[in-house]
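> Dropping a structure here in structure tokens format, bear with me for questions.
The values are calculated or read from the model by the stated rules, or taken from the named source; none is laboratory data. Computed from a predicted structure; not experimentally measured. Glycine gets a Cβ as well: all are built from the backbone with ideal geometry, and neighbour counts include every protein chain shown. To get the accessible areas, we keep the full protein, side chains included, count just its heavy atoms, and leave off ligands, DNA and RNA. Shrake-Rupley method; radii C 1.70, N 1.55, O 1.52, S 1.80 Å.
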Number of protein chains: 2
Amino acid sequence: MDLRQRISERRGGAVLFGMTPPRATTSAEGVQQVAERTMARLEPLDLDGLIVYDITDESDRNPVERPFPFMETLDPAAFVDELEGWKKPVVVYRCVGKYEPEHLTTWLGAQDTNRVLSVFVGASSRDKQVQVTLPKAQELWRETSPELLLGAVAIPERHLAKGDEHERLLAKQDAGVGFFVTQVVYDVNAAKDLISDYHYAVKARGEEPVPIIFTLSVCGSLKTLEFLHWLGVKVPRWLQNDLEHSEDTLARSYEQCLDTADELIAFSARLGMPIGFNIESVAVRKAEIEASVELAREVCERMAHLR
Amino acid sequence: MDLRQRISERRGGAVLFGMTPPRATTSAEGVQQVAERTMARLEPLDLDGLIVYDITDESDRNPVERPFPFMETLDPAAFVDELEGWKKPVVVYRCVGKYEPEHLTTWLGAQDTNRVLSVFVGASSRDKQVQVTLPKAQELWRETSPELLLGAVAIPERHLAKGDEHERLLAKQDAGVGFFVTQVVYDVNAAKDLISDYHYAVKARGEEPVPIIFTLSVCGSLKTLEFLHWLGVKVPRWLQNDLEHSEDTLARSYEQCLDTADELIAFSARLGMPIGFNIESVAVRKAEIEASVELAREVCERMAHLR
């Protein structure tokens, strides 16, 4: 079953791999190399598709210095064109505030909806100047290209703080969103809270839940851990200690990602909730990327019974 | 190995059963019956000992109405005298603020330290009028009866809120405390946070950790759940939903208690931390008490490898 069908039928089991496009300054040849290397790494895996992020400078979101400096990256839509050898679907992120409305609608209209899905992301803070708000972008999508499967972000940490993330999911679902992708999960309880509240809220409305894709990322160093914090990822205190004191932070985080996957698979199965996973590496170090690929392989195995 | 030796040697593996003395208005005959019924229930189990609570009116701690009305109970020290048929150790709680200093020292001096251990509990709120503060009571103990094993309470929820509970544990340990007993644990992450921070803090001081006894209680109804909240027990959102929507709250909470035990056993083993368990029933309903006894039996089995 392909990703589009799986999501349209609101089934769980999807496993995706998330990646950032190369830096904007990369030569055409360099971009081509990245694309080929990525496909060579991922083709042996039983993935349902790729996610390509749209990176914005989110320094407005967090006054603390970004542990890894912000680098302008290639437009994900442009990078996807370089991935033509990749035959599976691609979920293209769009930070909608960056684009003119016409740019968005033109792009939407030009996509092969069997190959491309999209996730629209709103502004990183309320004060940010945007060209298109998230609700407006969703409206443009409904008007121009509703057959393209559209997703949105879900943030378990926001649920922990405010307790209303499940209502945001319902509102986005009302706007036509067909799936959710979370930010990186290190607090499995926050993720379970969100699954649970969303489950009961959807049920109370007599509706069906759409799949939530939980993002996992290994963490190979204390610098990466700091970056996860900067991104707003909550790492439980005991796990923070484990990672700080581990002789092999990468191996410890890898094990934790698998534990998280197992716990979320078991929990969502009990509630009959459709979930999937997205494996990414928030760091660009080779060891971390290779561990991510291996993690994706193991998560595919763990989801095999749903596929 | 008996409880006293286990705790003195700072080893994990203890399993205790916690109970509240009968109401203060119970007749002498009634008290005798409670004592006999309790011993008959618990003797077949492989417990290390009993905990007998000292109940105070904690309405100052929480302005919300107490879901189960407060009932004056028998002095735990008096009730323990009725348990003379119970041959294993008893941990007698003392809400020290209730007693005159002379009352405490007389009681301490009169105990058989092979049979009786104690846990001193401070005031339930800062504004409460007390006759003896916790540090003063610990000083009286050091002066009059240091050979009696003294414990103190540990509150993972306070650690979640303030992040300094491990420092309180170290300060209590400096005062001579030989073990800790937690309040009821439903948030396993908070318990893991406390174990972890305590582990690394003790290690940094070049000292040895003392056992932490984690308290588990089943929850047989939404009323009991409300009472757990009133007592300050944090129940994660997803678990709250599970319990509220379960067709069998008691069975669901029972399963959760075992999951908590398993997770804490595995986690503390990895860090080499000595832990034990205390099984109580915060409610007095027969089904809940019987489930607690069964839970204690299963927890004994799970701890058998440490005993």
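> Between A and B, which A residue has the Cβ nearest their rotation axis, distance in Å?
Here the value is A:Asn189, 3.
> While we're looking at this one, here's another question. Can you list the residues, at least 5 places off or on another chain, whose amide H is less than 5 Å from the amide H of A:Val91, using H built in the peptide plane?
A:Leu50, A:Ile51, A:Val52, A:Leu117
> Oh, and also: Measuring from centroid to centroid over Cα atoms, what is the spacing of the stretch A:197-268 and the stretch B:256-304 in Å?
26 Å
> Sticking with this structure for a sec: Please state the relative contact order of the stretch B:3-306 as a whole percent: Cα pairs under 8 Å, 6+ residues apart? Intermediate results must be reported in sequence, preceding the final value.
Numbers: 525 pairs, mean separation 65.8, N = 304.
Reported relative contact order: 22 percent.
> Right, another one. Could you calculate, for the stretch A:199-299, the ratio of the Cα radius of gyration to the Kirkwood radius, expressed as Rg to Rh?
Checking Rg against Rh, the ratio lands at 1.04.
> Quick query: amide H of A:Gly12 versus all other amide H atoms, modeled in the peptide plane; which residues come in under 5 Å with a sequence gap of 5 or more or a different chain?
A:Ile275
> For chain B, what is the Kirkwood estimate of the hydrodynamic radius, computed as the reciprocal of the mean inverse distance between distinct Cα atoms, to one decimal in Å?
Evaluated on chain B, it is 19.6 Å.
> Sequence neighbours fewer than 8 away in the same chain don't count; with that in mind, list the lysines whose C-alpha is under 22 Å from A:Lys98.
Answer for A:Lys98, where 22 Å is the Cα cut-off: A:Lys128, A:Lys136, A:Lys172, listed by chain and number.
> Out of all DSSP beta bridges in chain A, what portion is antiparallel? Express it as a percent rounded to 5.
Working: 1 of 34 bridges.
Percent antiparallel among DSSP bridges in chain A is about 5.
> So what's the gap between the Cα centers of the stretch A:62-118 and the stretch B:130-153, to the nearest angstrom?
So the separation of the two Cα centres works out to 65 Å.
> Still on this model: Which links in B:Lys88/B:Lys286; B:Lys203/B:Lys234; A:Lys192/A:Lys234; A:Lys162/B:Lys162; B:Lys223/B:Lys286; A:Lys234/B:Lys192 stretch past 21 Å when you go from one Cα to the other?
B:Lys88/B:Lys286; B:Lys203/B:Lys234
> For the protein assembly as shown, what ratio Rg/Rh do Cα atoms give with a Kirkwood hydrodynamic radius?
Reported Rg/Rh (Cα atoms, Kirkwood Rh): 1.05.
> So what's Rg/Rh here for the stretch A:32-108, counting alpha carbon atoms and using the Kirkwood radius for Rh?
1.02
> Now, a different point. Counting only the heavy atoms of the protein chains, how much of A:Glu290 is accessible to a 1.4 Å probe, in Å² to the nearest 10?
90 Å²
> Moving on. Restricting to DSSP H runs of at least four residues, report the calculated mean residue ellipticity at 222 nm for the protein assembly as shown, -39500 (n - 2.57) per run over all residues, nearest 500 deg cm²/dmol. It would help to have the intermediate numbers written out before the result.
Details: 24 runs with 284 residues, N = 614.
-14500 deg cm²/dmol, from helical runs alone.
> So if R0 is 56 Å, what FRET efficiency would B:Asp112 and A:Glu226 give, r being the distance between their Cβ atoms, rounded to the nearest 0.05?
E(calc), rounded to 0.05, equals 0.55.
> Now for a separate question. For B:Glu301, what accessible surface area do you get with a 1.4 Å probe? Give it in Å², rounded to 10.
About 110 Å², ignoring ligands and nucleic acids.
> What does the accessible area of B:Val185 come to, in Å² to the nearest 10, when a probe of 1.4 Å is used?
The value for B:Val185 is about 10 Å².
> Of B:Gly272, B:Ala152, B:Gly85, which is farthest along the charge dipole of the stretch B:3-306 in the positive direction, counting Lys and Arg as +1 and Asp and Glu as -1 at C-beta?
Comparing the listed Cα positions along the dipole, B:Gly272 ranks first.
> Note the full-extension length gain between B:Phe70 and B:Gln129 as 0.36 nm times their separation in residues minus their Cα-Cα distance, in nm to one decimal.
19.4 nm
> For the stretch A:26-117, which GluC sites (Glu not before Pro) are both in a DSSP coil and crowded by at most 13 other Cβ atoms within 10 Å?
Here the GluC sites (Glu not before Pro) that fit, given the DSSP loop and packing criteria, are A:Glu65, A:Glu72, A:Glu84.
> If you don't mind, another one. Is there a quick way to get the dipole size of the stretch B:55-190? I mean about its Cα centre, with the Cβ of Lys and Arg at +1 and of Asp and Glu at -1; what is the value in debye to the nearest 20?
Numbers: 15 positive and 22 negative charges, 57 e Å.
That gives a dipole near 280 debye.
> For the stretch A:153-261, what does the equivalent ellipsoid look like in terms of its semi-axes, each the square root of 5 times an eigenvalue of the Cα gyration tensor, given largest first in whole Å?
Square roots of five times the eigenvalues give 30, 12, 12 Å.
> If amide hydrogens are placed 1.01 Å from N in the peptide plane, which non-local residues have theirs closer than 5 Å to the one on A:Ala154?
Residues meeting the criterion, in which the H sits 1.01 Å from N, are A:Val181, A:Thr182, A:Gln183.
> Counting other Cβ atoms within 10 Å, keep those with at most 12, restrict to DSSP loop, and tell me which trypsin sites (Lys or Arg not before Pro) in the stretch B:204-271 are left.
B:Arg205
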